[in-house]
Amino acid sequence: MYKDVQSYINAVPEDRRPLFDQLQALIFELYPNVDVVISYQIPTYKAKSGWVGLGYWKKGVSLYTNGPHHIADFKARHPEIKTGKASINFKVTDPIPLDALKKVIQHAIEGLDS
């Protein structure tokens, strides 16, 4: 892993680290050969024609995509989990709906339009 990526990961606060590690492990499970770089000041996982990013915030960890269409189905099925325009903002206390999240990651990484 690149030094700047590892530096970011090492700086993830202890209370958010298990969630960050869980989300990153899911990305690596789906895309073992993903390229990880710092983009927009967060680790960005690139494969195929798309990407997802992971960043931490005060109460949790966010998964970023490059468009609202990637998270639309997740947002409709899981209104209890905070979302942004194209991101899912997990609190450390949120249950992680793994199957739904896998679909979001695959949709974004595969670069699907709808």
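A few remarks follow.
- Cα shape, the chain, gyration tensor, a/c 1.5 rule: oblate
- Mean Kyte hydropathy of -1.0 or more with a Cα span along the axis of at least 18 Å, helices from DSSP in the chain: 17-30
- Look at the alpha carbon pairs under 8 Å that are at least 6 residues apart: their mean separation over the length of the chain gives a relative contact order of 24 percent.
- Label-to-label distance, Ala25 versus Ile42, with points set 7 angstrom from Cα along the beta-carbon direction: 2.1 nm.
- The Arg77 and Asn10 beta-carbon pair, evaluated with R₀ = 35 Å, returns a calculated FRET efficiency of approximately 0.55.
- Only the Cβ atoms of Lys and Arg (+1) and of Asp and Glu (-1) were treated as charged; on that basis the dipole of the chain about its Cα centre amounts to roughly 280 debye.
- Fewest-first ranking of Ile27, Ile9, using other Cβ atoms within 10 Å as the exposure measure: Ile9, Ile27
- Total lysine pairs under 18 Å (Cα atoms) in the chain, excluding pairs fewer than 8 apart on one chain: 18
- Extension gain from Leu98 to Ser49, taking 0.36 nm per residue of separation minus the Cα-Cα distance: 15.4 nm
The numbers here are math on the coordinates, done by the rules we state, and not lab data. For clarity, every value in this text was computed on a predicted model and none was experimentally measured. Virtual Cβ from ideal backbone geometry, glycine too; neighbours counted across all protein chains shown.
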